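For reference, the structure discussed in these notes is given below.
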Amino acid sequence: MMEKKLSREDAWSLLTEYNKTPSLITHALTVEAVMRHFACQNGEDEEVWGVTGLLHDLDYEQFPEEHCHKAAEIMKAHGIDEVYIRGMMCHGYGLCTDTEPKSRMEKTLYTIDELTGLIHAVCLMRPSKSVLDLEVKSVKKKFKDKSFAAGVNRDVVRNGCEMLQIELDEVIRETIEGMKEKAEDIGLKGNL
């Protein structure tokens, strides 16, 4: 059972204390939006899922070599509940942590983190520069093209879909939907 819920305000303060790079803040907002969307879909706590998404890369800007581990340290020092810390640790599973995603929330964060980066890159390539008119097939095409957004780990996305027992197409569709809900905040409203 969770000891203390972390407010979005407090999470935002912590995020912006450790992150100044606009692209990293945009990524945090994107993952938060998608996590809230999936929480809603699963009848889960949108606030907990959203805050976990918001803080998942807390340490990345200042401590890339200690990614996830430094964030756990920072979060513990702030008395943040283990639910958030575990969720954050799980997104680095097999990459920089050995914390295996177990809960629905952990599996979702693990799956969508890389995918949001790919979708963001796809949007920027489009004439509209928007997520609002983006279709699954456009993302699928770029997902298969390994040279496009080469930094995106497609295996993580595939493994996550398996963990969640959801088809890739559906995960892409719902991730796009989550991003649409905050299109303006994440700079993907484009010229529509």
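Each value in this text was obtained by applying a stated rule to the coordinates, not by laboratory testing. Keep in mind the model is a prediction, meaning the values are calculated, not measured. No Cβ is skipped: glycine too gets one built from the backbone with ideal geometry, and neighbour counts run over all protein chains shown.
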(request) Apply the Karplus parameterisation 6.51 cos²θ - 1.76 cosθ + 1.60, with θ equal to phi minus 60°, to every residue of the range 13-28 and state each ³J(HN,Hα) to the nearest whole Hz, in sequence, with x for glycine and proline. (result) 4, 5, 4, 6, 6, 9, 10, 10, 6, x, 5, 6, 5, 4, 4, 4
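With n ≥ 4 as the cut-off for DSSP H runs, can you work out [θ] at 222 nm for the chain, using -39500 (n - 2.57) per run divided by the number of residues, rounded to the nearest 500? If you can, show how the numbers build up before the last one.
Working: 9 runs with 115 residues, N = 192.
Helix contribution divided over all residues of the chain: -19000 deg cm²/dmol.
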(request) Return the ratio Rg/(2.2 N^0.38 Å) for the chain, where Rg is computed over Cα atoms only. (result) 0.96
(message) Just to be sure I understand the model, the point goes 7 Å from the Cα along the line to the Cβ. What's the resulting T21 to E65 distance in nm?
(response) 1.6 nm
(request) Using Cα positions and a limit of under 20 Å, work out the aspartates and glutamates in reach of K20, with same-chain residues fewer than 8 apart set aside. (result) E9, D10, E32, D57, D59, E61, E65, E66, E73, D113, E184, D185
(request) Could you run the Karplus curve 6.51 cos²θ - 1.76 cosθ + 1.60 with θ = phi - 60° over the range 136-142 and give me ³J(HN,Hα) per residue in whole Hz, x for Gly and Pro? (result) 3, 4, 5, 6, 4, 4, 6
(message) I need M89, M125 ordered by Cβ neighbour count within 10 Å, fewest first.
(response) M125, M89
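Rounded to the nearest 20 debye, what is the charge dipole size of the range 46-192 about its Cα centre when +1 sits on each Lys and Arg Cβ and -1 on each Asp and Glu Cβ?
Numbers: 20 positive and 28 negative charges, 150 e Å.
Roughly 720 debye for the range 46-192.
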(request) Would you mind checking the range 115-135 for residues with the amide N under 17 Å from a putative spin-label position 7 Å along Cα→C-beta of N191? (result) 123-134
(message) List residues of the range 133-171, by number, whose backbone nitrogen lies under 20 Å from a label position 7 Å along Cα→C-beta of R104.
(response) 159-171
(request) Can you tell me what the convex hull of the Cα atoms of the range 76-122 projects to on average, as an area in nm²? (result) 3.9 nm²
(message) Run the reach check for K5 against lysines, Cα to Cα strictly under 17 Å, same-chain hits fewer than 8 apart removed. What comes back?
(response) K76
(request) Could you quote the convex hull projected area for the range 13-82, Cα atoms only and averaged over all directions, in nm²? (result) 4.6 nm²
(request) Give the cross-link partners of K142 among the lysines, using a straight C-alpha distance below 22 Å as the criterion and excluding same-chain residues fewer than 8 apart. (result) K129, K180, K189
